[in-house]
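Engineer: I'd like to ask some things about the structure below.
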Amino acid sequence: MKIHHSIPWRDNLYLFNYRSVHTEPVEYFHYHEGLEILYIHEGAGRYIVNNQTYSLKPGTLVLIKPFQIHHINVIVPPNYIRSLLKIKASVIERFLTALPQLTTAVSQLLEHPWSNQVFHLSSKNALYLENQFLQLHEMLASVPTKVQKEVVALFLFHFFTYFNSHIYPPDCSGGFKYHTAAGSIEPVGAMVRWIAKHYHLSFTINEMAAELHFSPSYLSKLFKEQMGMTIIEYTNNKRLDEARTLLSLPTLTIEDISKQTGFNYPSYFIAMFKKKYGMTPLQYRMQTKL
């Protein structure tokens, strides 16, 4: 299984590709820590998520939750053209804190199993979404870098507002249509999800294994086999990755960031950060201000 756990996040927050063209067949299994919004402009194939197989064709919208394993197989020719937005789940609420109702709706969508995640859009809905992706592409190309995060937040506001009212409307109880039966969670995906919720705390592999109801040795072996690194290495990378985001907040000291990302000692945090990025946290903060 091909696992993608190294994504070139923009500003350590999101990834956006507009109408990228693929002239070779596309097939892989993967998961990632971000929410994925995928739109098919051209191409045909299949998509597998939650053990269900869906056909892909022009005008298809796919939504994938963080840490959810999915499989795509696209036949080429004809060319496969898609627009894609991935955004870290950890920053969605930060983007939308001024919009409490929408933030709640998005959080519910992320937390509950969905009855459907692949949508074959009507021509009207497809045209709306294509225009939204085009506007996002043009705005990101024309605004200063420091404003781009807010442009992505604005896109999410329009996307989910339209999605909730036209594509995936609420049921009669006022909530969203979720699956009543939660499917089994692949062990590595469960571990990555658990780490995402607990990386800011000191924890042991035994504690994680107890909560996930697996033996520590089994989880450690499986994680190393599928992720290519140990649980500790992955956790430290996650902590350092989040630290880069927090370094953009001038009100937080290096010690504050060290504590908030799960490092008990600032000196250890600084050493680990320099080892991975080739500079100290303070040097990184000064560089990003330029």
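Engineer: Collect the residues in region 126-139 that are hydrophobic (A, V, I, L, M, F, W, C) and closer than 14 Å to Ser83 by Cα, keeping them in residue-number order.
Structural biologist: Within region 126-139, Ala126, Leu127, Leu129, Phe133, Leu134, Leu136 qualify.
Engineer: Which of the residues belonging to region 247-287 are under 24 Å from the mean Cα position of the chain (by Cα) and not in a helix (DSSP H, G or I)?
Structural biologist: Matches in region 247-287: Leu247, Ser248, Leu249, Thr261, Gly262, Phe263.
Engineer: Find all pairs meeting these conditions: Cβ atoms under 9 angstrom apart; at least six residues apart or on different chains; first residue within region 1-24 and more than 20 Å from Asn73 (Cβ to Cβ) and hydrophobic (A, V, I, L, M, F, W, C); second residue modelled with pLDDT of 85 or more and open to solvent by 60 Å² or more (accessible area, probe 1.4 Å).
Structural biologist: Phe16/His137
Engineer: Consider region 193-202. How many of its residues are farther than 15 Å from Glu233 by Cβ and open to solvent by less than 50 Å² (accessible area, probe 1.4 Å)?
Structural biologist: Residues that pass the stated criteria total 3.
Engineer: Among the small types (Gly, Ala, Ser), within 25 Å of Lys146 (Cβ to Cβ) and surrounded by fewer than 18 Cβ atoms within 10 Å (Cβ to Cβ): does that describe Ser248?
Structural biologist: The answer is yes for Ser248.
The values are calculated or read from the model by the stated rules, or taken from the named source; none is laboratory data. Computed from a predicted model, the values in this text were never measured in an experiment. All Cβ positions, glycine included, derive from the backbone under ideal geometry; neighbour counts span all protein chains shown. Ligands, DNA and RNA are excluded from the accessible area calculation, which covers all protein heavy atoms including side chains. Shrake-Rupley method; radii C 1.70, N 1.55, O 1.52, S 1.80 Å.
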